[in-house]
Amino acid sequence: KIRSRGLDTRVLVKEYSGEDAIGLARAEQNGLGRLQSAWLKNYLQSKNKQDLLQQMEEGEWAAAAQRRYVDGLTNTPTQKDDENLITLLELLSSQKAQFPAYLGEMNLNDFYDDENMDPNEWYKMLGVKPPQPGSVWLVFEYHGLSTASSYAVPPLIQRSKLPPKRGMFGGVVEAPPLPPFRERARYVVQGVLKGMLAGLATAHEAGIVHRSIGRNSFLLSSVGQDKREATSPYAVVKARLRVILSDWGFSATAEEATRDKEFGARSRTFGILGVDSYENQVASDDRIDIIAQKFAMAEDLNALGLAFLAMLFTTLADPATPTAPMPPTDDDSWQRLFSEIFEKDMEQFREYCLNEDVWDSVVELLDGEDRAGWNLLGDLLLARERLSEWYNDNKGGDINDEGMDELVSSNGLLSHPFFK
């Protein structure tokens, strides 16, 4: 039935074993569940699909899903839940939603309770080892396994590692030349980077912060069956790309995030009092709840800025040969360079990048349109600092001031000139 509707029949199953991992599983369920529900509600409202919206809000979808296990045991048809599941996948796929669909949790009780269960039979059926005692298996929509991190390699190096192909007479045929820089840059900037930002914007619009943004947090997938297509050094068609923000195990609502003690310690270094701190209770600043939530989102933006740096200066780098040495491009190195060595001075940071021949084309790209690329990186990397400056310069000011809101707006950044 799924295949007949043009959908992928594969799923991704994650196993969480151990107390800490199971805690992450529950957080992932909650965070992704909230996001999925908020996205569906907004989409159905925008398309005036009142029947579907009413079914969801009245709990019909949830009731059908909860009955599924018992229905399966009693050979009762599960057509209602099947249809709901297919509808969900169709909506997310057609709109290229930037998060993976959460499909449910596998009920492993039968496996644990069956003393005669042969582990080899489990392996034969699913191709993986049996679950660990007490583990949790969550099921998600399948988008492949290629991450932004695996794509963050200079294309010349990617090309050199492609398996050799042989021609008509058996000889090895050289791989075709890479697409022009302009086409590759458009794919990276308007496809990959904008897709990464769009994923974060979707979460923030739903009041959710990710809290573990990095290159490994993003899956780069394709609308086709071969999900690896999106990370090929020859990929340049944005329409075939899907960018998926995954790994929601550390996510929380923005309000929940502000109650974390470590969060309060970090925000205080930027002059923003912790929500539950004694200082805030004495100050009685009624703006702190909102500004703290904005700061939680600013932390996501800062992390995304580091991921942007890593993507730009690897996927668009131009080493002389596949074995030529490259400057370090890991997140820790970018953090140290920008924050500690150049003390968050974007001009000095630009000069450092300009002195590396391998990055000439990247710097030229970022310099375009009156340095639009550097301005975007500044909006991301300095989101916390600019929010702190606004807050401390506007004591007693209106928290709903548009200037403040624009400082931490992932959705607003989607219209940035760099993406034009």
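Data for the structure
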item: Length-normalised contact order of the range 283-383 in % [C-alpha pairs under 8 Å, at least 6 apart]; result: 39
item: Karplus-derived 3J(HN,Hα), 6.51/-1.76/1.60, for each residue of the range 104-109, Hz, glycine and proline x; result: x, 10, 6, 7, 9, 4
item: Estimated inter-spin distance, Asp357 and Asn120, nm [label 7 Å along Cα→Cβ]; result: 6.1
item: Percent carbon-and-sulfur accessible area, the chain, ignoring ligands, DNA and RNA, probe 1.4 Å; result: 49
item: Shape of the range 324-381, Cα gyration tensor, a/c cut at 1.5; result: oblate
item: Pairwise centroid distance, computed over Cα atoms, of the range 329-381 with the range 1-76, Å; result: 41
item: Over the chain: helical MRE at 222 nm, DSSP H runs n ≥ 4 each giving -39500 (n - 2.57), nearest 500; result: -15000 deg cm²/dmol
item: Cα-based convex hull volume of the range 300-420 per residue, rounded to whole Å³; result: 113
item: Normalised contact order of the chain, rounded percent, pairs of Cα under 8 Å and 6 or more residues apart; result: 18
item: Reciprocal of mean inverse Cα separation for the range 95-160 (Kirkwood radius, Å); result: 15.5
item: Cut-off under 5 Å, modelled amide H: who pairs with Leu103 long-range; result: Val139, Phe140, Glu141
item: Highest average packing first - 134-146, 54-66, Cβ atoms within 10 Å; result: 134-146, 54-66
item: Modelled FRET efficiency - R0 25 Å, Asp393 with Asp289, Cβ distances, 0.05 increments; result: 0.80
item: Packing-based order for 113-124, 357-368, 38-49, using average beta carbon neighbours within 10 Å, highest first; result: 357-368, 38-49, 113-124
item: Estimated FRET transfer efficiency when R0 is 45 angstrom, pair Ser415-Phe169 (beta carbons, to 0.05); result: 0.25
item: Electrostatic dipole magnitude of the chain [Cβ: Lys, Arg +1; Asp, Glu -1; Cα centre; debye, to 20]; result: 1780
item: Equivalent-ellipsoid semi-axes of the chain, from the Cα gyration tensor, Å, largest first; result: 37, 33, 20
item: Reach of Lys14 by Cα under 14 Å, taken over aspartates and glutamates that are not fewer than 8 positions away in the same chain; result: Glu28, Glu105, Glu141, Asp247
item: Protection proxy ranking, peptides 226-237, 257-268, average beta carbon neighbours within 10 Å, highest first; result: 226-237, 257-268
item: Long-range HN-HN contacts of Ser222 with modeled amide H, under 5 Å; result: Ala230, Arg242
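The values are calculated or read from the model by the stated rules, or taken from the named source; none is laboratory data. Please read all numbers here as calculations on a predicted model, not as lab measurements. FYI the Cβ positions are ideal-geometry reconstructions off the backbone, even for glycines, and counts take in every protein chain you see. Accessible surface areas use protein heavy atoms only, side chains included; no ligands, DNA or RNA. Shrake-Rupley method; radii C 1.70, N 1.55, O 1.52, S 1.80 Å.
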